[in-house]
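Remarks on the structure that follows.
We did not get these values from a lab; they are worked out from the coordinates using the rules stated. Keep in mind it's a predicted model, so treat the numbers as computed, not measured. Please note: Cβ atoms are built from the backbone with ideal geometry, for glycine as well, and neighbour counts cover all protein chains shown.
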Amino acid sequence: MDKWRCTICNYAYNPAEGNPEAGIEPGTAFEDLPDDWVCPICGADKSFFEMEA
């Protein structure tokens with residue numbers, strides 16, 4: 001699974017870890033995150049994330 005990085009604050013979403021604080025289980029692909037999910041650090045929406053190369 002690919003990691004995705006917030007272009008505003010540099011937070012990296014790792015699908016293997018998920019985002020348990022927001023109720024996102026480990027193994028959840030970025031594409032499967034709810035539409036209203038936001039960066040847990042800066043609050044940016046999913047459109048501000050880019051796949052890491």
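Things worth noting here:
- Region 17-53: number of residues that are exposed (fewer than 14 other Cβ atoms within 10 Å of the Cβ) and in contact with a Gly (Cβ under 7 Å, 6 or more places away or on another chain): 3
- Some residue of region 1-24 being aromatic (Phe, Trp, Tyr) and touching a residue at least 40 places away in the same chain (Cβ under 8 Å): yes
- Those residues of region 1-44 which are touching a Lys or Arg at 6+ places or on another chain (Cβ under 8 Å) and either at positive phi or in a loop (DSSP other than H, G, I, E, B) (or both), in sequence order: Tyr11, Asn14, Pro15, Leu33, Asp35, Trp37
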